[in-house]
1. What is the packing order of peptides 154-167, 74-87, taking the mean over residues of other C-beta atoms within 10 Å and listing the highest first?
2. Give me the percent of the accessible area of the chain that comes from carbon and sulfur atoms, probe 1.4 Å, all protein chains in place.
3. Between K164 and S31, how many nm apart are label points set 7 Å from Cα along the C-beta direction?
4. For volume of the Cα convex hull per residue in Å³, several values are listed as (1) 161; (2) 121; (3) 151; flag the one computed from this structure.
5. May I have the extent of the alpha carbons of region 122-188 along their three principal axes, as whole Å values ordered from largest to smallest?
6. Could you pull out every one of the lysines with an alpha carbon less than 21 Å from that of K151, ignoring same-chain neighbours closer than 8 positions?
7. For the chain, report the accessible area per residue in Å² (1.4 Å probe, heavy atoms, rounded to an integer).
Amino acid sequence: TDAAYSFTATANRTLVANFIANTVSYTISASVNPINSGTITGTGDYNADETVTLTATANTGFTFINWTEDAIEVSTDAAYSFTATANRTLVANFQIIDGISGFSETNSTIVYPNPNTGQFDINFESGYFGVLSMKIYCIDGSIIKEFKVTKTTKKFLYNIDLGKVANGTYYIDITTSKEKVTKPIVIQ
């Protein structure tokens, strides 16, 4: 059983050296941030040079952001594939979806048409589901219409008719329990 075998040659001999594969494996672990924001599949032990695919799935109310290792971003794909060459500890980062975040910073259509004659649509898409409080007011701050609507679908479309109001600039506040967005409305 010794790798070095010595003997005295006294006759012809046929010898076979038997080898066993030396398996190298790596442990791939991952966690979610924040806790309970999603799930991960694909962790465990892998043989060297084996392809590993980790998949992050967001729980309701969250969205996947990225994979990090030692606080450095390694991928923005929810399904992250790589070759096992060392032990790795990765973190799947998720963000809570709350409020109507995002549409206030983008070029999304909120009020259409704008300018209008007092009849227009509120139109946007977001992951927020719940009560939207809306308030339309004049430039001097006086409220001309106030109401609440429950948003139950990702795409939101709501028609508003202000009736006969004076031409000018108005504002609409769209508010959730955590966020408020204000948009101008021009009536001609």
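The values are calculated or read from the model by the stated rules, or taken from the named source; none is laboratory data. Here the structure is a predicted model, which is why all the values come from computation and not from measurement. With ideal geometry, Cβ positions are generated from the backbone for all residues, glycine too; neighbour counts draw on all protein chains shown. To get the accessible areas, we keep the full protein, side chains included, count just its heavy atoms, and leave off ligands, DNA and RNA. Shrake-Rupley method; radii C 1.70, N 1.55, O 1.52, S 1.80 Å.
1. 74-87, 154-167
2. 49 percent
3. 6.7 nm
4. Computed from the coordinates, volume of the Cα convex hull per residue in Å³ corresponds to (1).
5. Projected onto the principal axes, the Cα atoms of region 122-188 cover 34, 21, 16 Å.
6. Result set, ordered by chain and number: K135, K178, K180, K183.
7. Per residue, the chain has an accessible area of 64 Å².
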